[in-house]
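The values are calculated or read from the model by the stated rules, or taken from the named source; none is laboratory data. Source: prediction; values computed, not measured. Cβ placement follows ideal geometry from the backbone for every residue including glycine, while neighbour counts extend to all protein chains displayed. The protein model used for the area step is the full one, side chains on, heavy atoms only, and it has no ligands, DNA or RNA in it. Shrake-Rupley method; radii C 1.70, N 1.55, O 1.52, S 1.80 Å.
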Amino acid sequence: MGSIRKTIAVLPGDGIGPEVTRAAVQLLQDCAAAHDHTFEFRELPFGGAAIDAFGKPLPASTLAECRAADAILLGAIGGPKWDALPLANRPESGLLALRKELGLYINLRPIRLHHALQGISPLRPDRVAGCDFEIVRELAGDIYFGAHELHRDNGHSRARDVADYSSPEIERVARYAFERAAARQGRLASVDKANVLATSALWRKTVTDVAREYPEITLEHLYVDNAAMQIVLRPKQFDVILTSNLFGDILSDEAAALAGSIGLIPSMSRGSGEGPALYEPIHGSAPTLAGKDVASPLGAIYSATLMLRESFGLNVEAQWIESAIDRVLDHGYRTMDIAEPGGRIVRCSEFTDLIRGEMHDALVHTERYGWGV
Ligand code: IPM
Ligand code: MG
């Protein structure tokens, strides 16, 4: 592939967000330099940091720059400092507004157990080895985007959250999940609560209708309570899981724990059009770790390699970075959250430098012998 030129909006956000995005940006810079690409990074205020500086979590200028970018890299948002704010003014509302404004209705979360990290999974190796599936979470509807009300009623407080889905909203994300399954092992598990919820009954009917367009895909339906259990009982049964916004939020944290740490899992949020996709680690802002240089940068770095593959089609470059990570892990280096007995614990910045060192060594080798040798 020839040289490309891309603009990447970088939203470091809060807590450990700035340190982990710094690591990912360094690797992307190395990637651009080594492969003759031009990545222009625009760092933008977002989340709690933007509330402090501009009074709102998603300033108009941040949204405009995101729209104009080729891809967006986000760290994490939120923290105790902003927890007392009303829901509509919190950092999280900025993230929901960004998803909505950019039409990001698909959220992809790959769950893969790194072979060197099997020991840190809470599941026995025989249950979890080889676990490799993807969660496709609907991201622009459901109870997240219906009315959220809290009011006084007859001397009591009463609250209400409205869950809402239309069939076109379900169809479009279902199509993406079927395509994803078609590119993998051809198995799709759709998760709902159709025995209780109207939105889930519509979900199940719509996914079943869409399935007629994909006769080669094996579709099964699971209730969410059963799905939560199956993920810990037999995670290897899954290829692609499709689910609604709230269930996807919950199941993806559960699934991430199987891979050893939520700090390892990246995500992509995208729409169907030409607009930019957003990449972010699924871990939160981890306020207790912030500023200590101890967080794992891997969730952010895997988000960057997902960006290289999915938004820019740079598979060789993504593989180059991921192979370097494999070697660093194989050599026994660990950040604190993925520490194992006998492992060598390093800081976030040291871990990043080790990866960069491996990338550099591979490059020197490649310049001599060519890619793929
Ligand atoms: C996630 C997060 C967000 C969500 C929060 C921060 C609003 O938990 O991306 O999984 O619930 O979608
Ligand atoms: Mg979540």
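From the set of residues in the stretch 204-233 that are in a loop (DSSP other than H, G, I, E, B) and either touching an Asp or Glu at 6+ places or on another chain (Cβ under 7 Å) or free of Cβ contacts under 8 Å to residues at least 12 places away in the same chain (or both), which is most open to solvent (accessible area, probe 1.4 Å)?
Restricting to residues being in a loop (DSSP other than H, G, I, E, B) and either touching an Asp or Glu at 6+ places or on another chain (Cβ under 7 Å) or free of Cβ contacts under 8 Å to residues at least 12 places away in the same chain (or both), the top hit is Arg212.
Out of Ala304, Ala290, Ala318, I need the residue that is in contact with a Pro (Cβ under 9 Å, 6 or more places away or on another chain), small (Gly, Ala, Ser), over 20 Å from Tyr176 (Cα atoms) and at pLDDT 95 or above. Which one?
It is Ala304.
For the stretch 201-213, enumerate the residues that are farther than 26 Å from Lys236 by Cβ and polar (S, T, N, Q).
Correct list: Thr206 only.
Residues in the stretch 244-291 that are within 14 Å of ligand 2 (Cβ to nearest atom), without any contact (Cβ under 8 Å) to a residue 40 or more places away in the chain and among the charged types (D, E, K, R): how many?
Summing the residues that are within 14 Å of ligand 2 (Cβ to nearest atom), without any contact (Cβ under 8 Å) to a residue 40 or more places away in the chain and among the charged types (D, E, K, R) in the stretch 244-291 gives 2.
Of the residues Ile170, Ile143, which is out of contact with any Lys or Arg (no Cβ under 6 Å at 6 or more places or on another chain), within 16 Å of ligand 1 (Cβ to nearest atom) and either over 24 Å from Ala49 (Cα atoms) or open to solvent by less than 40 Å² (accessible area, probe 1.4 Å) (or both)?
Only one candidate qualifies: Ile143.
Can you name every residue in the stretch 262-274 that is crowded, with 22+ Cβ neighbours inside 10 Å and either of a type in the set (S, T, N, Q) or outside any helix (DSSP H, G or I) (or both)?
Ile265, Pro266, Ser267, Ser269, Arg270
It is to be established whether one or more residues within the stretch 12-25 are in contact (Cβ under 8 Å) with a residue 24 or more places away in the chain and assigned to a strand (DSSP E or B).
There is at least one residue in the stretch 12-25 that is in contact (Cβ under 8 Å) with a residue 24 or more places away in the chain and assigned to a strand (DSSP E or B).
Taking the stretch 119-175 only, how many residues are in contact (Cβ under 8 Å) with a residue 60 or more places away in the chain, among the acidic types (Asp, Glu) and in a helix (DSSP H, G or I)?
Residues flagged as in contact (Cβ under 8 Å) with a residue 60 or more places away in the chain, among the acidic types (Asp, Glu) and in a helix (DSSP H, G or I) within the stretch 119-175 amount to 2.
Go through (1) over 19 Å from the mean Cα position of the chain (by Cα); (2) under 30 Å from Leu44 (Cβ atoms) and name the single condition Asp337 misses.
(1)
For Asp239, which of the numbered conditions (1) modelled with pLDDT of 95 or more; (2) within 16 Å of ligand 2 (Cβ to nearest atom); (3) out of contact with any Asp or Glu (no Cβ under 7 Å at 6 or more places or on another chain); (4) open to solvent by less than 60 Å² (accessible area, probe 1.4 Å) fails to hold?
Condition (2) is where Asp239 drops out.
I'd like to check something: does the stretch 277-286 contain any residue that is open to solvent by less than 10 Å² (accessible area, probe 1.4 Å), assigned to a helix (DSSP H, G or I) and within 16 Å of ligand 1 (Cβ to nearest atom)?
no
Do we have any residue at all in the stretch 114-137 that's among the β-branched types (Val, Ile, Thr), surrounded by 15 or more Cβ atoms within 10 Å (Cβ to Cβ) and at pLDDT 95 or above?
Taking every residue of the stretch 114-137 in turn, at least one turns out to be among the β-branched types (Val, Ile, Thr), surrounded by 15 or more Cβ atoms within 10 Å (Cβ to Cβ) and at pLDDT 95 or above.
Give the residue that is farthest from the chain's Cα centre (by Cα), with candidates limited to residues of the stretch 67-78 that are farther than 20 Å from Gln29 by Cβ and surrounded by 15 or more Cβ atoms within 10 Å (Cβ to Cβ).
That would be Gly78.
For the condition closer than 16 Å to Arg109 by Cα, free of Cβ contacts under 8 Å to residues at least 12 places away in the same chain and small (Gly, Ala, Ser), what is the one hit in Ala189, Ala183, Ala201?
Selected residue: Ala183, the only one of Ala189, Ala183, Ala201 that is closer than 16 Å to Arg109 by Cα, free of Cβ contacts under 8 Å to residues at least 12 places away in the same chain and small (Gly, Ala, Ser).
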